[in-house]
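Okay, so here's the structure we're looking at.
The values are calculated or read from the model by the stated rules, or taken from the named source; none is laboratory data. Worth saying up front: this structure is predicted, and the values here are computed from it rather than measured. Please note: Cβ atoms are built from the backbone with ideal geometry, for glycine as well, and neighbour counts cover all protein chains shown.
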Amino acid sequence: MKVYEKSLEVMNELFARDYQFALATSNDNIPSVRFIDTYYFNKSFYVVTYAKSKKVKEMENNPNVSLCSKLYRFSGIAKNIGHPLKSDNSEIREKLIKAFEPWYFEHNNEKDENMCYIKIELTSGFFYKNGTGFEVDFRAKEAKEFPFEFDIVLVE
């Protein structure tokens, strides 16, 4: 198996579930960061949100975003793909409802026309699992694999 394909399998293992990241956006070159729930599918992260939120407005002005958690980090291009009930969103809606099952309908009102999904198409990223690090260029479909140990002490 090629390293790129292996890296995609590891991405599925790590992130094809409700996973929290810090999301960085910017407006007029001023950064803004907040924590969000994501779901990984097919080289993209998906976010359930509100079209009038600050993060969506910032993404519309500048679609370049970054995600970070622990030492995992990703860059990508964000796009509002519309309301959950839009026919093009039916496949990802099913996955998001399942992944976010404990809270999806409690915190989201699909009757609200401003509810939306954000798709973050990944351009690059770093992640690790079981002593192996991966540096991935999603656009070029290339990845590097190397020994990596998480040896940082996290303090709250």
Counting only residues that are within 12 Å of residue 76 (Cα to Cα) and basic (Lys, Arg), how many does the stretch 111-135 have? 1
So which of 134, 146 ends up being loosely packed, with under 15 Cβ neighbours inside 10 Å, more than 26 Å from residue 56 (Cβ to Cβ) and touching a Ser or Thr at 6+ places or on another chain (Cβ under 9 Å)? 146
Say whether the condition of being hydroxyl-bearing (Ser, Thr, Tyr), in contact with a helix residue (DSSP H, G or I) (Cβ under 8 Å, 6 or more places away or on another chain) and either assigned to a strand (DSSP E or B) or more than 24 Å from residue 65 (Cα to Cα) (or both) is met by at least one residue in the stretch 102-122. yes
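Quick grid of which residues meet (1) modelled with pLDDT of 95 or more; (2) surrounded by 13 or more Cβ atoms within 10 Å (Cβ to Cβ); (3) among the acidic types (Asp, Glu):
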position: 8; (1), (2), (3): yes, yes, no
position: 20; (1), (2), (3): yes, no, no
position: 41; (1), (2), (3): yes, yes, no
position: 61; (1), (2), (3): yes, no, no
position: 65; (1), (2), (3): yes, yes, no
position: 70; (1), (2), (3): no, no, no
position: 85; (1), (2), (3): yes, no, no
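The rows are residues; the columns are (1) farther than 18 Å from residue 121 by Cα; (2) out of contact with any strand residue (DSSP E or B) (no Cβ under 6 Å at 6 or more places or on another chain); (3) without any contact (Cβ under 8 Å) to a residue 60 or more places away in the chain; (4) in a strand (DSSP E or B).
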| residue | (1), (2), (3), (4) |
| --- | --- |
| 20 | no, no, yes, yes |
| 25 | no, no, yes, yes |
| 36 | no, no, yes, yes |
| 39 | no, no, no, yes |
| 45 | no, no, no, yes |
| 60 | no, yes, yes, no |
| 68 | no, no, yes, yes |
Tell me, yes or no, whether the stretch 83-92 has at least one residue that is aliphatic (A, V, I, L, M) and either closer than 17 Å to residue 20 by Cα or assigned to a strand (DSSP E or B) (or both). no
